[in-house]
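Since the structure comes first, as structure tokens, the remarks are kept for the end.
The values are calculated or read from the model by the stated rules, or taken from the named source; none is laboratory data. None of these values were measured; they are calculated from a predicted model. Cβ coordinates were reconstructed from backbone atoms using ideal geometry, including for glycine residues, and neighbour counts include every protein chain displayed.
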Amino acid sequence: MPENRQRTILLTGASRGIGHATVKRFSAAGWRVLTVSRMGFSEDCPWDGGAENHIQLDLSDLDNLPNAIDDIRSRLGDGMLDAMVNNAAISPKAEGGKRLGILSSDRMVWEQVFNVNFFSTALLVRGLIGELGKAKGAVINVTSIAGMRVHPFAGSAYATSKAALAALTREMAWEFGPLGVRVNAIAPGEIDTSILSPGTEQIVENEIPLKRLGKPEEVAATIYFLCTAPASYVNGAEVHINGGQHV
């Protein structure tokens, strides 16, 4: 590929938190960033070309995906997609912010959570694998510490969707490796964003060896590493970003 070619990343769930920090990290490095969010583009976002490169899409409605994939493909002038970060996720809560267990989660909750957190990822990668393969690109799936242990704030549907996404990462790494496409996951723990639940301070004190929250910028830096040359032989991994909370 030409050395001066601008690389392109597609990132879902870009409107806040980890997604927002990731867009800023790649934009600062000179990448073209295509963002996907159910919200319209915010003028408060600080990167150039953000409004023109934003796709408003509700990932809970899978019927919207074929047209969205065509839209994304039409925006790739050279037909190459260098990276895809599947960050969009939802974690519905019960009244008072309590976790939704199995007995309190109806079919609609399960379908909505799995559509956003799992099925949309599989279908987006499947739809754009040709563009990823042409660029020898990288896919990063954002899982969670809740996918590997029961979490006091993450509901059953959310946790199992993240566990399924970790398994999907392994399957993709195996299947797409021969195409030159690397697929990895990151599993954040307690990250300092606006969606933290009350009581997180007890988790920080009692369960995290580093005794602090993670920063969205720390997660974004790991994502950037996994999408670039220093990680060129990393495939099928799930990187824990939780200050040691998983040990």
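Quick one: is residue 65 part of a helix (DSSP H, G or I), touching a Ser or Thr at 6+ places or on another chain (Cβ under 8 Å) and either surrounded by fewer than 22 Cβ atoms within 10 Å (Cβ to Cβ) or aliphatic (A, V, I, L, M) (or both)? If you could, list the steps in order and put the result at the bottom.
Numbers: part of a helix (DSSP H, G or I): yes; touching a Ser or Thr at 6+ places or on another chain (Cβ under 8 Å): yes; either surrounded by fewer than 22 Cβ atoms within 10 Å (Cβ to Cβ) or aliphatic (A, V, I, L, M) (or both): yes.
Here the answer is yes, as residue 65 does meet what is asked.
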note = Of the listed residues (10, 81), the one being modelled with pLDDT of 95 or more and assigned to a strand (DSSP E or B) is 10
request  = State all residues of region 84-116 that are modelled with pLDDT of 95 or more and acidic (Asp, Glu); if no residue qualifies, say none.
outcome  = 111
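Here's the yes/no breakdown for (1) outside any loop (DSSP other than H, G, I, E, B); (2) among the β-branched types (Val, Ile, Thr); (3) exposed (fewer than 13 other Cβ atoms within 10 Å of the Cβ); (4) modelled with pLDDT under 95:
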position	(1), (2), (3), (4)
165	yes, no, no, no
169	yes, yes, no, no
172	yes, no, no, no
177	yes, no, no, no
184	yes, no, no, no
193	no, yes, no, yes
196	no, no, no, yes
202	yes, no, yes, yes
205	yes, no, yes, yes
note = Across region 207-230, the tally of residues that are modelled with pLDDT of 90 or more and either assigned to a helix (DSSP H, G or I) or of a type outside the set (Ser, Thr, Tyr) (or both) stands at 15
Which listed residue is closer than 19 Å to residue 135 by Cβ, of a type in the set (D, E, K, R) and surrounded by fewer than 18 Cβ atoms within 10 Å (Cβ to Cβ), from 73, 16, 38 = 73
remark   = When (1) β-branched (Val, Ile, Thr); (2) within 29 Å of residue 228 (Cβ to Cβ); (3) without any contact (Cβ under 8 Å) to a residue 12 or more places away in the chain are applied to residue 169, the one that fails is (3)
query = Counting just the residues of region 207-247 that are within 20 Å of residue 13 (Cα to Cα), of a type in the set (A, V, I, L, M, F, W, C) and touching a residue at least 12 places away in the same chain (Cβ under 8 Å), which one comes out surrounded by the fewest Cβ atoms within 10 Å (Cβ to Cβ)?
reply = 221
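Output yes when any residue across region 150-161 is under 15 Å from residue 12 (Cβ atoms), within 20 Å of the chain's Cα centre (by Cα) and in contact (Cβ under 8 Å) with a residue 40 or more places away in the chain, and no when none is.
Among the residues of region 150-161, at least one is under 15 Å from residue 12 (Cβ atoms), within 20 Å of the chain's Cα centre (by Cα) and in contact (Cβ under 8 Å) with a residue 40 or more places away in the chain, which makes the answer yes.
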